[in-house]
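These notes concern the structure reproduced below.
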């Protein structure tokens with residue numbers, strides 16, 4: 001549904017997006033992670049035909065973003081939630097949606113139905129006549145998402161949909177995105193929130209100007225950050241620590257209370273020798289577990305190495 | 001270009017302007033002041049001459065003054081867009097609503113025309129309200145004093161029907177261009193004020209210069225304004241850069 005091939009955008013000497021190649025499948029919820037200034041918003045803006053690319057290719061549906069005749073078609077088939085909600089504060093919730101419905105050429109009857117359905121979905125139907133200025137931050141964010149959906153777009157671009165929201169409002173918005181996921185829409189979501197990405201997204205890409213990793217959260221956790229061996233001891237004696245550190249197979253050792261946390265290249269092969277060493281050096285092992293790295297570990301590793 | 005799209009943008013702007021007290025008060029105050037102040041000044045001037053002129057001379061003098069003072073309504077038509085049109089893009093920027101708007105399937109031309117229309121309608125409407133007050137007061141006064149109507153005159157009809165709308169369009173377009181290129185509302189209004197000043201002087205020329213008959217000068221001026229209006233619309237289309245607005249506006 002969305003294809004990027006060596007997509008690059010420069011602002012003068014600054015390269016904001018550098019040779020990004022990726023593909024987002026139809027019906028997929030795709031998370032775009034990256035630190036501030038990584039090029040996430042610039043990428044989305046290029047895909048929504050708001051700004052042009054410097055080089056490479058980008059395609060949304062059957063349309064090329066740099067073809068003049070395709071730009072209006074792309075804008076018509078996508079919904080876009082910008083970083084700022086950008087509602088008309090003096091207009092009511094209903095009128096905000098109605099205005100965009102008209103601009104997206106949604107026929108009158110369908111528009112009325114969509115507005116009602118969406119406002120009910122985001123829990124704002126009772127407040128449809130309230131001006132946007134009178135709504136809370138979370139409500140505004142939900143209204144802005146409803147606005148992006150007013151024309152039933154095939155593709156939805158969400159730029160930081162839960163940024164600056166309190167945890168409860170963020171959860172409501174997240175739940176709403178999960179509802180949209182059930183409708184099999186293609187969703188491309190920029191976010192800083194790793195837990196949110198893990199919960200909502202089918203696949204994730206990490207961007208730091210260049211694409212530094214892409215895959216499902218599970219794949220990234222499995223492939224990019226290694227699992228660690230955690231050994232729970234009765235107590236950690238200096239002799240045990242010294243013996244473990246001497247092992248060439250152990251890349252890194254850290255301790256946490258009575259736990260030894262060991263980073264190894266091949267834990268399946270090297271754990272037996274490790275355990276023997278601990279036992280012979282006087283350690284009393286209570287149990288051995290493997291720690292799974294989190295998406296946060298993966299993200300930090302990818303971003304730091306980039 | 002789809003005019004329906006432009007009208008949607010214009011209708012939304014009109015709705016937003018109605019809710020903006022600063023704009024609303026400007027739209028009410030300026031025509032009221034002009035509509036009342038100009039006839040009062042005119043009547044005061046003519047009454048001062050009444051002692052030294054015959055009735056016929058007084059009517060001739062009054063007609064000349066009425067024509068000259070009609071031109072002053074160009075001030076309203078040119079000045080109001082510096083308040084309203086300058087708000088059109090900067091207002092969107094202040095509400096951070098420009099990015100979602102630019103992401104909709106509207107062309108630059110449709111957006112610019114819609115924004116221009118949204119600013120033009122209240123400006124011209126307010127100017128005509130002021131003009132109507134002027135018209136009524138002058139004619140009531142002339143009926144009472146001369147037993148005849150001073151308005152309408154050919155020159156008044158030319159100014160009201162052609163010069164004022166064309167000057168208003170020009171001012172709207174100039175202010176829309178400024179609004180799409182600067183970051184600050186006050187800066188836009190100040191630049192707009194400076195830019196429309198020469199326009200104002202030119203439109204007032206027929207009432208000051210006596211080289212040609214006033215009606216002829218008004219027609220020449222109308223032709224010039226029409227050409228300038230068309231030129232400025234294409235200039236605004238050529239200089240309207242969505243990308244620049246998004247990437248350079250902070």
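Just a few scattered comments:
- Nearest-ten-degree value, helix B:185-208 long axis tilted from longest Cα axis of chain B: 30
- Summarising the strand pairing of chain A, around 65 percent of its internal DSSP beta bridges are antiparallel.
- Angle in degrees between helix A:295-305 and the longest Cα principal axis of chain A, rounded to the nearest 10: 90
- Order of B:136, A:187, A:177 under a 10 Å beta carbon neighbour criterion, fewest first: B:136, A:177, A:187
- Rg of the Cα atoms in the protein assembly as shown, relative to 2.2 N^0.38 Å, amounts to 1.39.
- Taking each DSSP H run with n ≥ 4 as -39500 (n - 2.57) and averaging over every residue of chain B yields -28000 deg cm²/dmol at 222 nm.
- Highest average packing first - B:142-152, B:117-127, Cβ atoms within 10 Å: B:117-127, B:142-152
- Principal axes of region A:117-176: Cα extent on each, largest first, Å: 30, 25, 18
- Part-to-part distance (alpha-carbon centres) for region B:1-65 and region B:217-246, which is given in Å: 24
- Within the protein assembly as shown, percent of DSSP bridges classed antiparallel, to nearest 5: 65
- Taking the Kirkwood radius as Rh and the Cα radius of gyration as Rg, region A:223-293 has a ratio of Rg/Rh equal to 0.93.
- FRET efficiency estimate (nearest 0.05) - Cβ-Cβ, residue B:33 to residue B:57, R0 25 angstrom: 0.25
- Histogram of C-alpha separations across region A:63-122, 10 Å bin width, %: 19, 44, 29, 8
- One quarter of the convex hull surface built on the alpha carbon atoms of region A:169-306 amounts to 10.8 nm², the projected area averaged over directions.
- Rounded tilt (10° steps) of B:55-71 against the dominant C-alpha axis of chain B: 10
- Length released on extending from residue A:66 to residue A:21, taking residue separation times 0.36 nm less the Cα-Cα span: 14.6 nm
- Computed over Cα pairs, the Kirkwood radius of region B:1-110 leads via Stokes-Einstein (1.002 mPa s, 20 °C) to a diffusion coefficient of 123 µm² per second.
- Spin-label pair residue A:255-residue A:290: with each label point 7 Å from Cα along the Cα-Cβ axis, the two points sit 2.6 nm from one another.
- Cα-Cα pairs of chain B separated by more than 24 Å (percent): 49
- Each semi-axis of the equivalent ellipsoid for chain A is √(5λ) with λ an eigenvalue of the Cα gyration tensor; in descending order they amount to 47, 23, 15 Å.
- Expressed as a fraction of 2.2 N^0.38 Å, the C-alpha radius of gyration for region A:33-146 is 1.21.
- Pairwise centroid distance, computed over Cα atoms, of region A:131-153 with region A:239-291, Å: 53
- Cα coordinate range in region B:17-71, projected on the principal axes (Å, largest first): 52, 16, 10
- Its residues counted as N, region B:1-45 yields a C-alpha radius of gyration over 2.2 N^0.38 Å of 1.78.
- Shielding by partners - mean other protein chain Cβ count within 10 Å, residues of A:83-95: 5
- By the count of neighbouring beta-carbon atoms within 10 Å, fewest first, A:216, B:236 end up ordered A:216, B:236.
- Once the convex hull of all Cα atoms in region B:53-184 is built, its volume per residue stands at 104 Å³.
Read-outs throughout are calculated quantities, based only on the coordinates presented, and are distinct from any laboratory measurement. This structure is a prediction, so every number in the text was calculated from the model and none was measured. With ideal geometry, Cβ positions are generated from the backbone for all residues, glycine too; neighbour counts draw on all protein chains shown.
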